[in-house]
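The values are calculated or read from the model by the stated rules, or taken from the named source; none is laboratory data. Computed from a predicted model, the values in this text were never measured in an experiment. Counting neighbours? That spans all protein chains shown, and the Cβs are built from the backbone with ideal geometry, glycine included. Surface accessibility is based on the protein's heavy atoms, side chains included, excluding ligands, DNA and RNA. Shrake-Rupley method; radii C 1.70, N 1.55, O 1.52, S 1.80 Å.
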Amino acid sequence: MVKSHSNNSSQSQRQLRIGELVRRQLAQILSVWDFFDPDLSKISITVGEVRMNSDLKKATVFVIPLGGHHTEQVIAALNESRREIRQQLNKRLDLKFSPSLHFVPDPLFDQIENTERLLKEEKARIGKNH
């Protein structure tokens, strides 16, 4: 399970549970992503988190391509293919409502890179200032 970067206290247990089910299925669907867009078939996509709205009818999907390259192109292609992706999701999950999907870049990976950069700075090194 990928750790969440959201404030989970604002989501109900049901929202979190359904979001995780949707995240897992989307990760599997996107592993055969060339079915939707052959131009991006060689790009591996990580689904970091899925946040469901309160009525479970809308899902915000946080994704990042491997290495963070071509993020805008990947997000645009996913949003263009969301109808087909939603159809595949419907085949895999038995939910009362099929959530509409909105793909956005996952900011968690940028935050991790920024933290790593800060830790590498001379001021952050333990023992150098003492």
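What to note about this one:
- Search result, residues across the stretch 52-73 that are under 11 Å from ASP106 (Cβ atoms) and in contact with a strand residue (DSSP E or B) (Cβ under 6 Å, 6 or more places away or on another chain): THR60, VAL61, PHE62, VAL63, ILE64, PRO65, THR71
- Test for GLN111: is it at pLDDT 90 or above, outside any loop (DSSP other than H, G, I, E, B) and loosely packed, with under 13 Cβ neighbours inside 10 Å: no
- Of all the listed residues (ILE64, ILE85), the sole one being closer than 16 Å to GLY19 by Cβ, surrounded by 13 or more Cβ atoms within 10 Å (Cβ to Cβ) and at pLDDT below 95 is ILE85.
- Check on LEU40, modelled with pLDDT under 90, farther than 20 Å from SER10 by Cβ and aliphatic (A, V, I, L, M): yes
- In the stretch 17-36, the residues that are closer than 14 Å to LYS91 by Cβ and open to solvent by 30 Å² or more (accessible area, probe 1.4 Å) reach residues that are at pLDDT 85 or above and of a type in the set (A, V, I, L, M, F, W, C) with C-beta atoms within less than 6 angstrom, at least six apart or across chains, in these pairs: GLN25/LEU89; GLN25/LEU93.
- First in the stretch 88-106 and assigned to a loop (DSSP other than H, G, I, E, B), second anywhere and at pLDDT 95 or above and of a type in the set (Phe, Trp, Tyr), Cβ under 8 Å, 6 or more apart: ASP106/PHE62
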